[in-house]
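Taking it in order: structure first as structure tokens, then the write-up.
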Amino acid sequence: MKKNYLVFFITFLLVITWNSLDTKACTNFLFTKGATTDGSTMITYTADSHTLYGELYYRPAADYPENAMLDIYEWDTGKFLGKIKQVRHTYSVIGNMNEYQVSIGETTYGGRKELHHQPDAIMDYGSLMYIALQRAKTAREAIKVMTELVAEYGYYSEGESFSISDPNEVWIMDMIGKGNEGQKGAVWVVRKIPDGYISAHANQARITTFPFSKENNFFDKNQTTFCSNDVISFAKWKGYFKGKDKDFSFSDTYAPVDFSGARFCEIRVWAMFRRVNSEMDKDKYIDYVRGIIKKDKNGYAKNRIPLWVKPDKKISLHDVIGLLRDHLEGTEFDMTKDIGAGPFGLPYRLRPLTWKVDSVEYVNERATSTQQTGFSFIAQARSWLSDPIAGIFWFGVDDNNSCCYVPMYCGMTKVPESYAVGNGNMLEYSDNSAFWAFNEVSNFAYLKYDVMIKDIQKVQKELETKFIDYTPVIDLAAQKLYETDKNLARQFITDYSVAQGNYTVKRWKELRKYLLIKYIDGNVKKEENGHFKKTKDGMPVYPAQNGYPEWWYREIIKNTGDKLKVIEDKKTQK
């Protein structure tokens with residue numbers, strides 16, 4: 001068993017090695033059961049990285065001998081960190097969701113640099129997530145596992161925010177290590193999102209003030225905030241905080257928000273909040289997301305957006321998918337509107353994130369949907385069905401806006417070949433890889449985005465609507481099977497999930513061919529009744545050549561003057 005686990009992790013690490021900048025490029029949205037139309041909980045995660053290969057991780061349940069040890073490798077680099085005690089039994093995990101519907105996502109915020117990479121620490125943030133998923137049946141158990149692991153083995157990573165959910169509760173956690181001070185572990189705070197509310201985080205620590213308690217009774221339903229017992233005293237000892245305990249703010253102390261934290265990170269939270277809460281769409285927080293930080297007497301940011309908000313109306317799975325496809329549309333930061341979008345409204349910008357002209361620094365906006373996403377998911381947990389068939393891990397690879405979210409039931413026992421670990425990588429093309437199939441479509445669409453994205457959205461809507469509409473029927477059949485034969489029920493949801501994953505990739509390959517035929521050489525072939533039009537002689541009808549929008553031509557004139565102007569022929573004089 002130990003050998004198989006080691007092989008899994010080495011393979012896992014080789015194909016997803018991230019550099020330090022890439023890890024600070026993720027987004028999580030959190031939805032409580034009282035905030036959703038069907039009473040499910042949902043958390044989302046976009047794993048944005050220029051070197052991350054999108055694939056679906058799977059770890060089967062396993063049994064281990066007494067006194068077995070587990071090798072820990074840092075998730076970002078593959079560095080061996082040490083060994084920890086293995087438990088006797090681990091649960092199966094599909095992606096970031098286990099067979100009991102516990103799900104965990106993350107975003108890296110960094111925080112105070114002197115607290116990073118604790119010497120001799122063994123637990124990094126990635127290992128914390130996946131080990132907790134293998135050991136916890138509820139979100140509260142996952143929190144207990146994660147905090148006990150860092151207390152016993154130390155915390156190796158930078159400051160990290162986590163989303164932790166199960167069918168009934170959704171939690172947000174901020175954690176950071178203690179640096180090279182001879183104190184093992186981390187300081188942390190975790191808060192339960194009130195039912196009926198939503199939250200989000202995107203590479204900026206978000207928990208500010210909170211009700212401090214020295215006792216953490218993780219299974220007391222009335223306790224909705226937990227923290228390390230030295231979260232305030234450690235800050236005072238380090239000289240970070242000198243005020244009254246009731247005024248202590250975790251984020252403002254351990255990861256003070258600055259221009260980049262607001263403009264590049266919190267703007268993603270605000271963009272989601274404003275689309276579901278009308279109060280957030282007003283100008284109250286506009287300076288903050290522009291990067292203008294207003295501070296109080298303690299030096300804390302006083303114009304921050306709230307940790308959670310209540311949506312104006314309940315949110316559906318369709319709504320959540322739409323929120324993941326945001327490019328700051330409808331705001332002054334709309335990435336489809338400025339000249340950087342080019343003539344075809346491309347809402348993406350080449351990196352780096354900041355750039356200089358004449359020694360003046362400028363930014364590219366950083367929206368939720370971005371071209372370098374490796375994978376993203378919506379982990380949907382439902383309390384009214386048996387766990388293995390209740391949890392659905394809606395999974396997509398590549399850019400949120402041009403991917404397709406496919407249902408993967410949390411109790412499945414294998415993944416589709418097209419999404420499996422090892423089927424291609426960032427340096428090796430695979431014709432049967434979901435990641436490469438979706439990238440071929442999206443990267444081609446970037447050439448003429450405003451028209452090509454509409455064709456992509458038609459196929460997205462076709463598939464995602466079908467998957468969502470089929471769900472009640474699949475649920476019913478699976479639940480009936482589960483009541484008489486649990487293994488057969490798992491085989492059923494596995495077969496369904498695998499079939500939908502592989503079919504989606506097949507459909508996307510067909511879409512790629514269609515787009516190539518329709519838009520080759522910048523032209524647009526004409527269609528009629530779902531077919532490309534032909535002349536009566538069977539030849540292609542001459543394609544549309546729509547050129548550029550007028551505003552773009554005017555920009556060309558500004559740049560070139562009369563150089564491109566047509567010179568009229570003078571009449572021959574008699």
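The values are calculated or read from the model by the stated rules, or taken from the named source; none is laboratory data. Just so we're clear, the structure is a prediction, and the values are computed from it rather than from any experiment. A quick note on method: Cβ atoms are made from the backbone with ideal geometry, for glycine too, and the neighbour counts reach across all protein chains shown.
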Original post:
Can you tell which of LEU350, LEU324, LEU385 is surrounded by 15 or more Cβ atoms within 10 Å (Cβ to Cβ), of a type outside the set (Lys, Arg) and out of contact with any strand residue (DSSP E or B) (no Cβ under 8 Å at 6 or more places or on another chain)?
Top reply: LEU385
Original post:
Pairs, please: C-beta under 7 Å, at least 6 apart or cross-chain, first residue closer than 20 Å to LEU481 by Cβ and in contact (Cβ under 8 Å) with a residue 24 or more places away in the chain and in region 408-421, second surrounded by fewer than 24 Cβ atoms within 10 Å (Cβ to Cβ) and of a type in the set (S, T, N, Q)?
Top reply: MET412/THR494; THR413/THR494; LYS414/THR494
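The rows are residues; the columns are (1) touching a helix residue (DSSP H, G or I) at 6+ places or on another chain (Cβ under 6 Å); (2) modelled with pLDDT of 95 or more; (3) in a loop (DSSP other than H, G, I, E, B).
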| position | (1), (2), (3) |
| --- | --- |
| ASN502 | yes, yes, no |
| TRP508 | yes, yes, no |
| ARG512 | yes, yes, no |
| LEU516 | no, yes, no |
| LYS536 | no, no, yes |
| GLY547 | no, no, yes |
| LYS570 | no, no, yes |
Subject >> Failed item in (1) in contact (Cβ under 8 Å) with a residue 24 or more places away in the chain; (2) outside any helix (DSSP H, G or I), with ASP431 passing the rest >> reply: (1)
**OP:** Scan the strands (runs of 3 or more DSSP E) fully inside region 311-388 and keep the ones with 1 or more residues being more than 30 Å from ALA420 (Cα to Cα).
**Re:** 354-357, 360-363
**OP:** Identify, from the list VAL459, VAL541, the residue that is outside the structural domain of THR413 (by TED's automatic domain parsing) and either touching a residue at least 12 places away in the same chain (Cβ under 8 Å) or in contact with a Leu (Cβ under 9 Å, 6 or more places away or on another chain) (or both).
**Re:** VAL541
**OP:** Please tell me if LYS314 is surrounded by fewer than 17 Cβ atoms within 10 Å (Cβ to Cβ) and under 30 Å from ALA381 (Cα atoms).
**Re:** yes
